[in-house]
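The values are calculated or read from the model by the stated rules, or taken from the named source; none is laboratory data. Only a predicted model underlies this, so the values are computations on that prediction, with no experimental measurement involved. Ideal geometry is used to build each Cβ from the backbone, glycine not excepted, and the neighbour counts take in all protein chains shown. Protein only, heavy atoms only, side chains kept; ligands, DNA and RNA dropped before computing areas. Shrake-Rupley method; radii C 1.70, N 1.55, O 1.52, S 1.80 Å.
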Amino acid sequence: MDKTFMAAAAASLVAATALVACAGMGDGRPPEPPFTVKVIGFNDYHGHLESPGSLGENASVPDARRPPVGGAEFMAAHVANLKKQNPLSVVVGAGDFIGASPLISALFFDEPAVETLNRIGVEFNAVGNHEFDKGPAELLRLQNGGCKVTSGQIDPNSCRGASVGTPVPFEGARFRWLSANVVSADTGKTLLPAYGIKTFNKVKVAFIGMTLQATPTIVAPSGVAGLEFRDEARTVNALIPELRAQGIESIVVLVHEGGLQTGTLSDINGCEGKLAGSAIAGIVRQLDDAVDVVISGHTHAAYNCKLPNAAGRDISVTSASAFGRVLTDIDLSIDPATRNVRGVTATNRLVVRNDPAISADTAVAGIVNAYKALVLPLSRRVIGSITADVPGRRVDGACNMPAGNLIADAQLAATQPARLGNAAIAFMNGGGVRSPGFTFASSPAGEGDGNMTYGEAFTVQPFGNSLVTLSLTARQLKDFLEEQFAGCLGQSASATRFALPSAGFKYTWDGARACGARISRVTLRSGSGTETIVDASGALPDPSKSYRVTVNSFMADGGDGYATLTRGTDRLGGAQDIDALAAYMADYKAPKTPYAPNSHPADAGTPRISRAGASATCPSGANVNP
């Protein structure tokens, strides 16, 4: 059809709609009053079928008074309770509903996550970066249903519906994943629908799904091969005319990108610092004034903000923590005549488990308990013990992370033998270590204080990467360390990503120096001797000397912006990362001496990463990548 004719037809439709609206107001009847639509949102579920623990409404609530929260059965119950308040409702998400999941979901290819989300009542969800962990084909299987096939056969951990009370074969997502800015590089078409529409009282409301543009820098290259990730704000703005041509004026953006409050209270309904400098604030600042609400995620933070859009108007921007701890309750007041949102009220609410007025959803609880029974023998197996917490967070200004050190040590031990790689050094990416790390206190499984179970280890390191040992020259090793900094040697401009080294490898960084000159004092201790790879001035005594280095397959393929690792030579594949950790911890299993963090003899009592200057705070961009 001729484009001029189509444009004229669309203009006529808009004009006709306006005339009908005017006629309705001039026929003697009073205009219809605004009505309210309830939007229930959350983000970063990550297959957390079970409660992740407790949470207070803000940092001032003492630990003892923080209620237990989350769990799929209570998420379903709280959603049902909110729906009772208004039959005009919709449940939506801002991404990362799967991936980086605990064993109870990951072992079964995240089918449990989808099955519980179906029964929680989700209708639309933006695609997050972790939805691409296993590649687009697997994401489409989870959307459309069907069993996971490996080596030409249905995997025994897929399609377990007969054991848990769900359909066989796997039912697929009843909700629709959305991603307007992820397109095929060959065709320019979106992998999944750009938006979804739901009609309330004859008024259409659009929900645009958006994946963070930086996904290729934090997902294995194989997971995003052949896909383009386009600018979030420009993609949204380009869709506005298309939506308006359909008579849609009420628009909600679901985007897997976020920010952090900068104050100390961190109230779940606060907005300390207005998310200044964050990616989400930058996106909102460019959005067309037609957008009414932005539901965000990715940073695992809770906030409830009003941020300026491109027209300078403040719009509601929310995020609901992670792991099912919080739901965002949003009321949209919509004018039926103009179809515009006239007002927005948003409130973040804890998904408490101890409210006597809200009982767990029994159907969802049944599914959770059935999967728990299937995974229990493996998840409860004690693999080792520890003397204290081994935190999965940056603990000092130099950005050391004890849990990352432990994992790097395990990977070095797995690849040190000559036949397995002859490795001298190992590195673990910080984003691959999930918070809170390894905790000394017993889990609900009852394994006892200090004991580490396979399930706990998997929760900290859930990605299922394999180990890769490769050769790097001293020059390449320094380049790898330099490209940890935001915007340096091809690293993403939005994040500094410090990898965690194995015992005996140390270096100093100085963020005040220029890109390419920030790394110095790189040493490697082996046996009783210590070798200098980069001296105090930043010079390389022997730039061409080769070192065998072990990383996980995600890093080896350039994940987290570590492009230098892709140029490593003489690659040798190794064990799964979780298997390497379990084997390493066996040397710390009773009656053997437990693992004590920060006590490896090769470290000689000093940190592996040091920082020039006196700052005691790790740069915010260097924290664990959600």
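Among the residues making up segment 208-220, those that are open to solvent by less than 10 Å² (accessible area, probe 1.4 Å) and assigned to a loop (DSSP other than H, G, I, E, B) are L212, V219. When segment 124-148 is filtered for residues that are part of a loop (DSSP other than H, G, I, E, B) and within 29 Å of D329 (Cβ to Cβ), the ones remaining, listed by number, are V127, G128. Among the conditions (1) part of a loop (DSSP other than H, G, I, E, B); (2) under 29 Å from S101 (Cα atoms); (3) among the small types (G, A, S), A583 misses just one, which is (1).
Please work out if P136 is over 20 Å from the mean Cα position of the chain (by Cα) and open to solvent by 20 Å² or more (accessible area, probe 1.4 Å). No: the conditions fail for P136. Assess whether I268 counts as being under 21 Å from the mean Cα position of the chain (by Cα) and farther than 25 Å from V182 by Cβ. Judged against the criteria, I268 is a match.
Here the strands (runs of 3 or more DSSP E) wholly within segment 302-352 that include at least 2 residues being open to solvent by less than 10 Å² (accessible area, probe 1.4 Å) and out of contact with any helix residue (DSSP H, G or I) (no Cβ under 9 Å at 6 or more places or on another chain) are 314-320, 326-334. Taking the listed residues E228, E242, E257, E249, the one that is acidic (D, E), within 22 Å of V127 (Cβ to Cβ) and surrounded by 18 or more Cβ atoms within 10 Å (Cβ to Cβ) is E257, with no other qualifying.
For P87, the criteria (1) touching a residue at least 40 places away in the same chain (Cβ under 8 Å); (2) on the phi < 0 side of the Ramachandran plot hold in every case but one, which is (1).
Residues are listed down the side, and each one gets a yes or a no for (1) of a type in the set (D, E, K, R); (2) farther than 27 Å from V253 by Cα; (3) open to solvent by less than 10 Å² (accessible area, probe 1.4 Å); (4) under 20 Å from the mean Cα position of the chain (by Cα):
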| position | (1), (2), (3), (4) |
| --- | --- |
| G41 | no, no, yes, yes |
| G47 | no, no, yes, yes |
| P67 | no, yes, no, no |
| A77 | no, no, no, no |
| V90 | no, no, yes, no |
| V114 | no, no, yes, yes |
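Considered as a group, the residues in segment 516-531 that are modelled with pLDDT of 95 or more and of a type in the set (D, E, K, R) include one that is most open to solvent (accessible area, probe 1.4 Å), and that residue is R521.
For every residue, the table says whether it meets (1) open to solvent by 20 Å² or more (accessible area, probe 1.4 Å); (2) in a loop (DSSP other than H, G, I, E, B).
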| residue | (1), (2) |
| --- | --- |
| A403 | no, no |
| I407 | no, no |
| A414 | yes, no |
| S442 | yes, yes |
| T469 | no, no |
| S494 | yes, yes |
| R497 | yes, yes |
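Number of residues in segment 607-626 that are open to solvent by 60 Å² or more (accessible area, probe 1.4 Å) and at pLDDT below 95 equals 6.
Quickly run through segment 167-179 and pick out the residues that are open to solvent by 10 Å² or more (accessible area, probe 1.4 Å) and in a loop (DSSP other than H, G, I, E, B).
Once the filter is applied, which keeps residues that are open to solvent by 10 Å² or more (accessible area, probe 1.4 Å) and in a loop (DSSP other than H, G, I, E, B), segment 167-179 yields P167, V168, P169, E171, A173, R174.
Of all residues in segment 272-292, exactly one satisfies the criterion of being within 21 Å of the chain's Cα centre (by Cα), under 21 Å from G343 (Cα atoms) and surrounded by fewer than 23 Cβ atoms within 10 Å (Cβ to Cβ), namely A281. In the set (1) open to solvent by 10 Å² or more (accessible area, probe 1.4 Å); (2) under 30 Å from A337 (Cβ atoms); (3) assigned to a strand (DSSP E or B), the condition left unmet by V205 is number (1). Between T166, T187, T217, T211, the distinction of being in contact (Cβ under 8 Å) with a residue 60 or more places away in the chain and more than 26 Å from I280 (Cβ to Cβ) belongs to T166 only. Looking only at residues in segment 419-429 that are at pLDDT 95 or above and outside any loop (DSSP other than H, G, I, E, B), which one is surrounded by the most Cβ atoms within 10 Å (Cβ to Cβ)? Among them, the one singled out is A426. Being surrounded by fewer than 18 Cβ atoms within 10 Å (Cβ to Cβ) and farther than 21 Å from H48 by Cβ is not true of T190. The residues on offer are F440, F458, F427, and the sole one that is among the hydrophobic types (A, V, I, L, M, F, W, C) and touching an Asp or Glu at 6+ places or on another chain (Cβ under 7 Å) is F440.
Would you call A72 more than 16 Å from the chain's Cα centre (by Cα) and either surrounded by fewer than 24 Cβ atoms within 10 Å (Cβ to Cβ) or under 21 Å from G223 (Cβ atoms) (or both)? Against the criterion (more than 16 Å from the chain's Cα centre (by Cα) and either surrounded by fewer than 24 Cβ atoms within 10 Å (Cβ to Cβ) or under 21 Å from G223 (Cβ atoms) (or both)), A72 does not qualify.
The residue that is surrounded by the fewest Cβ atoms within 10 Å (Cβ to Cβ), counting only those in segment 149-166 that are more than 17 Å from G135 (Cα to Cα) and aliphatic (A, V, I, L, M), is A162. Within segment 242-261, being assigned to a loop (DSSP other than H, G, I, E, B) and more than 18 Å from the chain's Cα centre (by Cα) holds for Q246, G247, I248, E249.
Selection over segment 37-57 of residues that are part of a strand (DSSP E or B) and either modelled with pLDDT under 95 or farther than 30 Å from P87 by Cβ (or both) gives a count of 2. Screening G223 against (1) part of a helix (DSSP H, G or I); (2) at pLDDT below 95; (3) over 24 Å from P136 (Cβ atoms) leaves a single unmet condition, (3).
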